[in-house]
Amino acid sequence: MSESMQILEDHTKTEYKYGFTSDLEMDALPKGLNEDVVKHISKKKNEPEFMLEYRLKAFRHWKTLKEPTWHNVHYDPIDYQDIIYYAAPKPKKELQSLDEVDPDLLKTFEKLGIPLNEQKILAGVAVDAVLDSVSVKTTYKEKLAELGIIFCSFSEAVQEHPELIKKYLGTVVPYTDNYFAALNAAVFSDGSFVYIPEGVRCPMELSTYFRINMANTGQFERTLVVAEPGSYVSYLEGCTAPMRDENQLHAAVVELISKENATVKYSTVQNWYPGNDKGEGGIYNFVTKRGLCAGRNAKITWTQVETGSAITWKYPSCILKGDHSVGEFYSVAVTNNLQQADTGTKMIHIGKNTKSTIISKGISAGKSQNSYRGLVKIGPKATNAHNFSQCDSLLMGDRCGAHTFPYLEVDNPSAQVEHEATTSKIGEDQLFYLKQRGFSEEDAINTIVSGFCKDVFQELPMEFAAEAKKLLGISLEGSVG
Amino acid sequence: MLTIKDLTVKIEDKTILKGLNLTINPGEVHAIMGPNGSGKSTLANVIAGREEYEVVGGQILFNGEDLLEMEVEERAHAGVFLAFQYPVEIPGVSNANFLKSAINSLRTARGEEELDAITTLKLIREKAALVEMDEKFLQRSLNEGFSGGEKKRNEMLQMALLEPQLAVLDETDSGLDIDALKVVANAVNKLRDEERSFVVVTHYQRLLNYIIPDFVHVLYNGVIVKSGGKELALELEDRGYEWVKELATV
């Protein structure tokens, strides 16, 4: 069994365990948000004083803000007083066999090639333990600990490493940043924390698949990654299997800090429930992701494959503060049916000789709307800054839309900024050509779409890329002809 | 092998083919000639199953089966190959991967085992040599940035790899210089055998100097107005399409 498979098994076991634990607290706060709720969350999580203060400041600031409306997405107003902001981990409803699971979901699992046991887990069916995962988990944790790497849930980090949290929390995305970031800072439940010491190359992909504590990361997730000078880490977030959640509003915050000569690669595959074909019930995903290249030669790469959610509002960004630092953004955003995506990036060049690359591939099908929104800002001291942006849109059918909103602010005359954009339609000609060579319609679409996204897929870790390709095919099924 | 009876085809509201009849036996090479707009390309595309053409009457039988009832890919699986007049470009899809998928989708459809990567590559290289194609084109994106001649070479490479029972060449010679023309003809001639048939659609007689047809048909205004042997092509070259138009009015 390969390491990654064992890790999957591990993850499997972890969820299973939570599914059965009977001594979990079942308390949940009533709906609504006020200072008491914020205090209660902090208390429940046994947080130190500085965390409570941070949350309260964020909450007070949030109250002064208005929900943004500048984006190109439309939805009914969210009632923030109609949301439960704290619920203790609840055991999932246990099903006895796969026969009780939504057959559509099973069909998708099958197409993704998800092993049977994992299918059961994802669908919430009881499984027998297949191997002693505790030993796997321990070995894995020990291996990282030997190198001084910290990889744990955010709550655990608050307890075990409060000094690191205090030092870095909110330094890249302050709670004053935007409406959803302020909300997250006030009420975030959990998330991940990664710390890579100086000069250490993290020997494995750190994935939420095998994060140690998986319970209830849910709605307001908080992730913080700190890479000390000369270190390297590749972090994978998400899952290609469809993720359902009863919480409609998701507002996550991710902060990355890459110091001198350090590299952080952050890859996401997002496949939250997009709602049905009438657009009902999908997840609203309002995410603030930002990385700081703090030192010379620091590098941050964002790679994302976004296929899920009813609404995606997300701009993973890089602040290129260190001289010679590098920011990269590779994105595939797929929208189908009535999905809406407004996504892109911001590259803020502050240091000299900083370099950024933006490759964005938007695929729209059905009646969906897909917008790229990107800002390239070259500050006055960013001599010889260089940016290359390429934004390509692929339309499938004639009822969908693709939009590009590139913003450019250049305050230094030595900057070199290149922007290329194309819009193409998946052609009947291309489909006919491939079918004439024996491809099924499904294979033909997958081939064309994978080709279109090649520049992004090649940035993903190999196994992830293969899954992402399949996922795209499934997301776009039946969207042509 | 292929029997076309009384084929009538519309595109939008215009009738292009008006009761066309044609019979092709195994091993035969048929040239279809005719002036622009006579329906040559329509015929080629209808055989391959292109959707924008509406068949309003008639029948096409391929080895006794109703070809018009078959999906595009089913026709390919059954052994129908169309060499395109304008091969499309598909960015980001490597030519080699495309060829491998094409070979294996036909094999799978026929219940044969897929070829492994090494065997496939060997086969592709062998056939690439046949059409004098530089191997660097195998790594490039499918047809992207290929010159007209390179695209047609690539069509011939696909034909050689897929070994169809019936190959339809839709003006494969258009826009080719004499060297590329010879490559196309050479590929066809090497693949000619007692079982395999070809329909060579062409505007000019030139290609038929290199691919000697068994039959030549002149298509005009949606019907075949004259059929004959290879000498008909030369006569056409001599007398021009005006002569055909006169034939049609008789």
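The values are calculated or read from the model by the stated rules, or taken from the named source; none is laboratory data. For clarity, every value in this text was computed on a predicted model and none was experimentally measured. Glycine also receives a Cβ, built like all others from the backbone with ideal geometry; neighbour counts cover every protein chain displayed. Quick note on the areas: whole protein, heavy atoms, side chains included, nothing else; ligands and nucleic acids left out. Shrake-Rupley method; radii C 1.70, N 1.55, O 1.52, S 1.80 Å.
The conditions are (1) in contact with a strand residue (DSSP E or B) (Cβ under 9 Å, 6 or more places away or on another chain); (2) within 14 Å of chain A (Cβ to nearest Cβ); (3) open to solvent by 10 Å² or more (accessible area, probe 1.4 Å), and B:E51 fails exactly one of them. Which is it?
Failing condition for B:E51: (1).
Working only within region A:441-481, note down all residues that are open to solvent by 60 Å² or more (accessible area, probe 1.4 Å) and hydroxyl-bearing (S, T, Y).
Once the filter is applied, which keeps residues that are open to solvent by 60 Å² or more (accessible area, probe 1.4 Å) and hydroxyl-bearing (S, T, Y), region A:441-481 yields nothing.
Quick one: count up the residues across region A:175-193 that are open to solvent by less than 10 Å² (accessible area, probe 1.4 Å) and in a helix (DSSP H, G or I).
Adding up the residues that qualify gives 8.
Let me spell it out: the conditions are (1) open to solvent by 60 Å² or more (accessible area, probe 1.4 Å); (2) in contact with a strand residue (DSSP E or B) (Cβ under 8 Å, 6 or more places away or on another chain), and B:P213 meets all of them except one. Which number is the exception?
Just one mismatch for B:P213, condition (1).
Being modelled with pLDDT of 95 or more, touching a Gly at 6+ places or on another chain (Cβ under 6 Å) and over 21 Å from B:E237 (Cα atoms) is the requirement here; does B:Q158 meet it?
Working: modelled with pLDDT of 95 or more: yes; touching a Gly at 6+ places or on another chain (Cβ under 6 Å): no; over 21 Å from B:E237 (Cα atoms): yes.
Taking the combined requirement at face value, the residue does not satisfy it.
Being over 26 Å from B:T108 (Cα atoms), among the acidic types (D, E) and at the interface with another protein chain (Cβ under 10 Å from one of its Cβ atoms) is the filter here, so list the residues in region A:440-462 that pass it.
Across region A:440-462, the qualifying residue is only A:D455.
Just to be sure before I move on: is B:L61 of a type outside the set (D, E) and open to solvent by less than 30 Å² (accessible area, probe 1.4 Å) in the structure I sent? Give the derivation first.
Numbers: of a type outside the set (D, E): yes; open to solvent by less than 30 Å² (accessible area, probe 1.4 Å): no.
No: the conditions fail for B:L61.
Scanning region A:343-360 for residues that are open to solvent by less than 10 Å² (accessible area, probe 1.4 Å) and not polar (S, T, N, Q), which turns out farthest from A:I474 (Cα to Cα)?
A:G351
Of all residues in region B:84-102, which are facing another protein chain (nearest Cβ under 10 Å) and either open to solvent by 10 Å² or more (accessible area, probe 1.4 Å) or within 17 Å of the chain's Cα centre (by Cα) (or both)? Working first, answer last.
Quick first cut of region B:84-102, residues facing another protein chain (nearest Cβ under 10 Å) only: B:84, B:86-94, B:97-99, B:101-102.
Hits for region B:84-102 are B:F84, B:Y86, B:P87, B:V88, B:E89, B:P91, B:G92, B:V93, B:S94, B:N97, B:S101, B:A102.
State which residue pairs qualify: first residue under 27 Å from A:T335 (Cα atoms) and inside region A:399-420, second residue of a type in the set (F, W, Y) in any location, beta carbons under 6 Å apart, and separation of 6 or more residues or different chains.
The qualifying pairs are A:T404/A:Y372; A:E418/A:F388.
Please specify each residue of region A:213-238 satisfying the condition of being crowded, with 21+ Cβ neighbours inside 10 Å and either in contact with a Leu (Cβ under 9 Å, 6 or more places away or on another chain) or modelled with pLDDT of 90 or more (or both).
Scanning region A:213-238 gives A:Q219, A:F220, A:R222, A:T223, A:L224, A:V225, A:V226, A:A227, A:S231, A:V233, A:Y235, A:L236.
Taking region B:64-78, which residues are open to solvent by less than 60 Å² (accessible area, probe 1.4 Å), more than 17 Å from A:E442 (Cβ to Cβ) and either part of a loop (DSSP other than H, G, I, E, B) or within 14 Å of chain A (Cβ to nearest Cβ) (or both)?
Answer for region B:64-78, where residues must be open to solvent by less than 60 Å² (accessible area, probe 1.4 Å), more than 17 Å from A:E442 (Cβ to Cβ) and either part of a loop (DSSP other than H, G, I, E, B) or within 14 Å of chain A (Cβ to nearest Cβ) (or both): B:L67, B:M70, B:R75, B:A78.
Being within 14 Å of chain A (Cβ to nearest Cβ) and hydrophobic (A, V, I, L, M, F, W, C), is that true of even one residue in region B:125-140? Give the derivation first.
We begin by selecting, within region B:125-140, every residue within 14 Å of chain A (Cβ to nearest Cβ); these are B:139-140.
Then keep just the ones that are hydrophobic (A, V, I, L, M, F, W, C); that gives none.
Looking through region B:125-140, none of the residues is within 14 Å of chain A (Cβ to nearest Cβ) and hydrophobic (A, V, I, L, M, F, W, C).
Sort out for me the strands (runs of 3 or more DSSP E) sitting completely within region A:363-430 that have 2 or more residues that are within 14 Å of another protein chain (Cβ to nearest Cβ) and surrounded by fewer than 17 Cβ atoms within 10 Å (Cβ to Cβ).
Working: elements: A:369-378, A:386-395, A:401-410, A:416-425.
The qualifying strands (runs of 3 or more DSSP E) are A:416-425.
Residues to consider are B:E114, B:E150; find the one that is under 30 Å from A:K361 (Cβ atoms), away from chain A (no Cβ under 14 Å) and not β-branched (V, I, T). Spell out the reasoning first.
Details: B:E114 fails: away from chain A (no Cβ under 14 Å).
That would be B:E150, the only listed residue that is under 30 Å from A:K361 (Cβ atoms), away from chain A (no Cβ under 14 Å) and not β-branched (V, I, T).
Mind telling me which of the residues B:D173, B:D179, B:D238 ends up being modelled with pLDDT under 90 and in contact with a Ser or Thr (Cβ under 6 Å, 6 or more places away or on another chain)? Full working, then the answer.
On the way: B:D179 fails: in contact with a Ser or Thr (Cβ under 6 Å, 6 or more places away or on another chain); B:D238 fails: in contact with a Ser or Thr (Cβ under 6 Å, 6 or more places away or on another chain).
On inspection, the qualifying residue turns out to be B:D173.
So which residues in region A:275-313 are basic (K, R), outside any strand (DSSP E or B) and in contact with a Pro (Cβ under 6 Å, 6 or more places away or on another chain), if there are any at all?
First, the residues of region A:275-313 that are basic (K, R): A:278, A:289-290, A:296, A:299.
After this cut, where a residue has to be outside any strand (DSSP E or B) as well, the list is A:278, A:296.
The answer is none; no residue qualifies.
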